[in-house]
Amino acid sequence: MPMSQPHNRQLQLGFSSSSSSSRGVDDDGEWPSAAKDRSAKNKGARDWCGEGSDDGEEGEEEEEDGVLSAFLCPITMEVMRDPVVVETGHAFEREAIARWFSECASLGAAPRCPVTMEVVDGADVKPVVALRAAIEEWTSRRETAALRRACRWLTKAASEKEALRGLDAVMRGWKLARVGKRVVRRDGMVPMVAAMLRNGSARVRLKALQALREFAREDDEYRDSVSEGDTIRRIVKFIDFEDCQERELAVSLLCELSKSEMVCEKISELNGAILILGKVACSKSQNPALAEEAEMTLENLEKCEKNVLQMAENGRLEPLLNLLIEGSPEKQLRIASSLEKIVLSNDLKNLVAQRVGLLFAGVVENGTLPAKEVAFKVLDHISTNTESAKVLIEDGILLPLFRVLSVDGVKFLPPRLQEAAAAVLSNLVACGIDFGTVPLDGNRTIVSEDIVHSLLHLISNTSPPIQCKLLEIFVMLSSSTTTVLSIISAIRSSGAITNLVQFVESDHQESRAASIKLLCKISFDMDHEIAQVLRSSPTLLGCLVRIVSENDANADEQDAALQILANLPKRDRRLTMELMEQGAFKYIARKVLNICRRGTANNIVDNTMLEGLVKVLARITYILREEPRCVALAREYNLASLFTSLLRLNGLDGVQLLSAKALVNLSVESRYMTGTPNFDEHEQKSGLTWFGKKPPGIQLCRVHSGICSIRDNFCILEGKAVERLVVCLSHQNKKVVEASLAALCTLLGDGVEITEGVSVLYMANAVEPIFEILKGNPTGTLQQRVTWAVERILRAENIAKAASSDRGLSSALVHAFQNGDSRTRRIAEASLKHINKLPTFSQIIDKHPSRRGSSIGSMERYFRSDR
């Protein structure tokens, strides 16, 4: 091109005269404002290049001013980065000249050179490679010099002003060109900036954090360089202080650093860093932006397995579960081993069950032995929570567990894994759901007969720890009303009751306790089977008695053993006598007496045991007539008085019920034990002398016509028993009412003075409560008892006359007459005739019944009836 030489000449000379040319353009006033205020631009260019005002450096800056002016764009008066040349030979910054031409076009003028004002072709701009290279070389030298000068201010001894000036210089050099970044790395300026985090000035620390954040945004090499030394620890320290000005910058810096895996490993070595970040991440309500950056940092840290484990220990479990799900079998085993060592809250246990429950179910059935061992440990840990146990059950964990616990399955498992599997199953059963409706496979459930048979068979053929867990499983299944009958049926059909009872003398304490609790749960329904085993082996019965009588025995085990004894058939004379031989009754009588003397209002343990103690003690009242030793023991401990005092224990319905029943049995025997007067020989007279008269000086029982006492012949007229039984007639519990009424009815039965019995009840204000019971229209045995009692009471003409006007009583008798059984209807008919509500031409009723009986019959069968 012919103009190449002029262009080169103008390239070399044009900038020297740029000042005058630009002033000419400015004076014209018709051209764009981009060329104005160049003196101010020149100052900006000097600041951009990092020129200082230190006196020691003025000579160096002045030497470079000539070179600097050659690199300035005539329009912007800034050092050019991408110089281009126009037809006049002048060079400009590409963006500046393009903007100039655009403004010319907007004014409707042709493109002109900003320097010469000559019209030029706006599209004919060409890059100046040589100039660009020269500018870059000059800029590099300039930046390098400025950065090296800044190193003098990044020291411990620097003042705040100097430190800030040095950090500003570093930031300018870093941002303007790549050479600055190379100098920062090569001259080791990153550690120098990091050292400023220890400066006493908050402004310096903030500026240093900003610089380090810019370094960290570059690449992993810079991130690793920033993290050297104790920089990570200082950054985390800033994050931990909530009122610290540097906190937000510190979180942002750590977020950038965490993008490097090497830095993530360094963070994992700093104790508490994960916990502090987790605290910040949870503060969304206080500072959402800061919490979001902390959350991003934690997500970056998940690249390091150590960090994931620390997060899990601090409650952030999702990353660990993700590794567990996505990892290889070897990694899964390693992660699961770590998981089982972490203490989990109930919410986290539920999370683990939801995320990896199916995974562990598969491992239990098909995993290797090491994997199964870890899986059992994790399952044992998370299944202790009710909600997580339900999740595992829904995921189908029961079938794999049963398969490994079956007789065939345990052959392939070492004992420790069998025990672990039994422990997991025990935890699952404890969650409280209805296992009768949870399918195992097909139509079978865990309480299906063949499943229960298999587990019962395993109990007899395994080690004590596994036996203990299986027994505990049956205890929990027997505690549910929906599954207990299935368990009882399976035990009965398998004949396993003998083996279960024999565990009461086991040397393994936990197995013994579990078996006793199981027997307690099923003893009410399997009392005869348990009694049969105990009769054949008195030592087993002795073990139960010993557990009950031991002072240092476990309270739950002691209470369960007591309930087994209490539920044994009460009329089993052989067992009762064996209990007497074992000393059970004497111990229990003393125990009950002590409890009564201490009072039970504030002793919950005594209250729960008292009912069982009373139930066992009441056994001897069922065989008094056949066994004199029972009579002697009842007299020795004054049991009639003891049972009477127990009627006062309001709130203990079971104790009151059992005491009233015991008094029924004792009172029935009173008429057979009533003593006769014993006179001296000189007072002896013929029977005719005393016929129809009471012996002088002797107080005879009004009802039993003999010498009575509550201790010797259990007469309830003594010791305020009648009064307390009358109070119980108003009890809220109908069973207590019925038992108390039965005890009072013994004063009206055949073989006693009925008239006197009625008189005793009348004087004790018992007649009206008995009438009220009948007015309530009871059903069943209570209806039979009260109707019978009312008929006996209405034989007293004065009471019958007063009752004849009681419409409520008449209505109740009519109801019994119409709705009772055949015997009750007959008795109600007799009662209606007593109060003149029916004519008396019927032959059913004897108008003059004997004092000791009635043609209607005895109440003896009601006294004998029980459970």
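The values are calculated or read from the model by the stated rules, or taken from the named source; none is laboratory data. Bear in mind that the values here come from a model prediction, so they are computed numbers and not experimental data. Note: ideal-geometry Cβ built from the backbone for every residue, glycine included; neighbour counts use all protein chains shown. Heavy atoms of the whole protein, side chains included, go into the accessibility calculation; ligands, DNA and RNA do not. Shrake-Rupley method; radii C 1.70, N 1.55, O 1.52, S 1.80 Å.
Tabulated values for the structure
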quantity: Pairs, first over 16 Å from S478 (Cα atoms) in the stretch 440-468, second part of a helix (DSSP H, G or I) and open to solvent by 50 Å² or more (accessible area, probe 1.4 Å), C-beta under 6 Å, six or more apart; calculated: S460/N499; S463/P415; P465/E419; I466/E419
quantity: Checklist (1) touching a residue at least 40 places away in the same chain (Cβ under 8 Å); (2) closer than 26 Å to V251 by Cα; (3) of a type outside the set (G, A, S) applied to N271, failing item; calculated: (1)
quantity: Which numbered condition T384 fails, given (1) in a loop (DSSP other than H, G, I, E, B); (2) among the polar types (S, T, N, Q); (3) open to solvent by less than 30 Å² (accessible area, probe 1.4 Å); calculated: (3)
quantity: Matching residues in the stretch 277-291 - criterion: being open to solvent by 30 Å² or more (accessible area, probe 1.4 Å) and in a helix (DSSP H, G or I); calculated: K279, P288, A289
quantity: Sole exception among (1) over 27 Å from L534 (Cα atoms); (2) open to solvent by 10 Å² or more (accessible area, probe 1.4 Å); (3) in a helix (DSSP H, G or I) for G651, by number; calculated: (3)
quantity: Qualifying residue in the stretch 119-142 (condition: closer than 22 Å to F215 by Cβ, without any contact (Cβ under 8 Å) to a residue 60 or more places away in the chain and not aliphatic (A, V, I, L, M)); calculated: yes
quantity: Spans of helices (runs of 4 or more DSSP H) in the stretch 505-575 with at least 1 residues farther than 21 Å from Y587 by Cβ and of a type in the set (D, E, K, R); calculated: 509-522, 527-536
quantity: Positions within the stretch 96-133 being assigned to a helix (DSSP H, G or I), under 15 Å from V85 (Cα atoms), out of contact with any strand residue (DSSP E or B) (no Cβ under 6 Å at 6 or more places or on another chain) and open to solvent by less than 50 Å² (accessible area, probe 1.4 Å), in sequence order; calculated: A96, I97, W100, F101
quantity: Lone qualifier among A312, A294 - being part of a helix (DSSP H, G or I), touching a residue at least 12 places away in the same chain (Cβ under 8 Å) and within 21 Å of Q210 (Cβ to Cβ); calculated: A294
quantity: Sole exception among (1) aliphatic (A, V, I, L, M); (2) under 31 Å from the mean Cα position of the chain (by Cα); (3) modelled with pLDDT of 90 or more for A250, by number; calculated: (2)
quantity: Test: residue in the stretch 833-846 that is over 22 Å from A739 (Cα atoms), in a helix (DSSP H, G or I) and at pLDDT 50 or above; calculated: yes
quantity: Flag for K720 being under 23 Å from L642 (Cα atoms), of a type in the set (K, R) and free of Cβ contacts under 8 Å to residues at least 60 places away in the same chain; calculated: no
quantity: Single match in S460, S494, S480 (criterion: open to solvent by less than 40 Å² (accessible area, probe 1.4 Å) and of a type in the set (S, T, Y)); calculated: S480
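Here's the yes/no breakdown for (1) more than 23 Å from N461 (Cα to Cα); (2) out of contact with any Leu (no Cβ under 7 Å at 6 or more places or on another chain):
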position	(1), (2)
I488	no, yes
A514	no, no
I547	yes, yes
E550	yes, yes
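Residue-by-condition table, conditions (1) part of a helix (DSSP H, G or I); (2) of a type in the set (G, A, S); (3) within 18 Å of V726 (Cα to Cα); (4) open to solvent by 20 Å² or more (accessible area, probe 1.4 Å):
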position	(1), (2), (3), (4)
V758	yes, no, yes, no
N765	no, no, yes, yes
L774	yes, no, yes, no
N777	no, no, no, yes
T781	yes, no, no, yes
T787	yes, no, yes, no
A802	yes, yes, no, yes
R823	yes, no, no, yes
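Residue-by-condition table, conditions (1) in contact (Cβ under 8 Å) with a residue 40 or more places away in the chain; (2) over 38 Å from the mean Cα position of the chain (by Cα):
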{"position": "E221", "(1), (2)": "no, yes"}
{"position": "E228", "(1), (2)": "no, yes"}
{"position": "T231", "(1), (2)": "no, yes"}
{"position": "V236", "(1), (2)": "yes, no"}
{"position": "F241", "(1), (2)": "no, no"}
{"position": "S258", "(1), (2)": "yes, no"}
